[in-house]
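A quick write-up on the structure given underneath.
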Amino acid sequence: MAGFTAHRNLNAKSDRETWSFYDLSIKPKRTQPASVLILQNVTVKQPSGQKFLACVDEGKKRSVFTWFRAESLEILESSENLQIPANALRVRFNPRNGDRFFHANGERVDAMRTVYLLSTGECFATL
């Protein structure tokens, strides 16, 4: 399975590039910006490594040390007409708040059915 990866663009200059993604079937990898993404059949690469530890433990600069891997991806220009299901949960990860993994209501999340990545930086998912 080739699929896609997506992560929060920490250097976004506008809400049109809140997220970054790339298609794993295309070599070399070319990161592309997006405002809103819908991902299907997602697994999470949970945070790890020295950059993550320096960020969460010492307050150093954030870096891309985690991402979503999806079987499929849909790109939207805005979330204006997006219908997020009522059973979708808010998924959070902010190392500045001491988070050490992605979580929904405090429970670790490693896989999700559908993920909604909004231009506000928010993430919602059905599990």
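Under a Gaussian network description of the chain, with springs only between Cα atoms under 10 Å, the residue in A104, A34, A86 that fluctuates furthest is A86.
One decimal place: the segment L53-E80 gains 6.1 nm when fully extended, by the rule 0.36 nm per residue minus the C-alpha distance. Sequentially through the stretch 48-53, phi angles give Karplus couplings (6.51, -1.76, 1.60; θ = phi - 60°) of 6, x, 5, 5, 5, 4 Hz, Gly and Pro residues having no value and appearing as x. Taking E71, E17, E107 as the candidate residues, the one with maximal mean-square fluctuation in a Gaussian network model of the chain, Cα springs under 10 Å, is E107.
About its Cα centre, the chain has a charge dipole of approximately 520 debye under the convention of +1 per Lys or Arg Cβ and -1 per Asp or Glu Cβ, with nothing else charged. Amide H contacts for D23 (H built 1.01 Å from N in the peptide plane; partners 5 or more residues away or on another chain; cut-off under 5 Å): R30. Peptides 74-84, 6-16, 116-126 ranked from most to least packed, by the mean per-residue count of other Cβ atoms within 10 Å: 116-126, 6-16, 74-84.
Lys-Lys pairs in the chain that are eight or more residues apart or on separate chains and whose Cα atoms lie under 23 Å of each other come to 11.
Working note: Karplus 6.51/-1.76/1.60 with θ = phi - 60° gives the stretch 91-96 the couplings 9, 10, 7, 9, x, 5 Hz, where Gly and Pro are set to x. Computed from backbone phi, the HN-Hα couplings of the stretch 110-127 come to 10, 8, 9, 6, 9, 10, 10, 9, 9, 5, 7, x, 6, 10, 10, 8, 9, 8 Hz, rounded to whole numbers (Karplus: 6.51 cos²θ - 1.76 cosθ + 1.60, θ = phi - 60°; Gly and Pro given as x).
Our Cα-only numbers for the chain put the radius of gyration and Dmax at 14.1, 40 Å. The GNM of the chain, with springs linking C-alpha atoms under 10 angstrom apart, assigns the highest mean-square fluctuation among A54, A88, A111 to A54.
Coordinate-derived values only; no laboratory data. From a predicted model like this one, the values you see are computed outputs, not experimental measurements. Because the Cβ atoms are built from the backbone with ideal geometry, glycine has one as well, and the counts that use them run over all protein chains shown.
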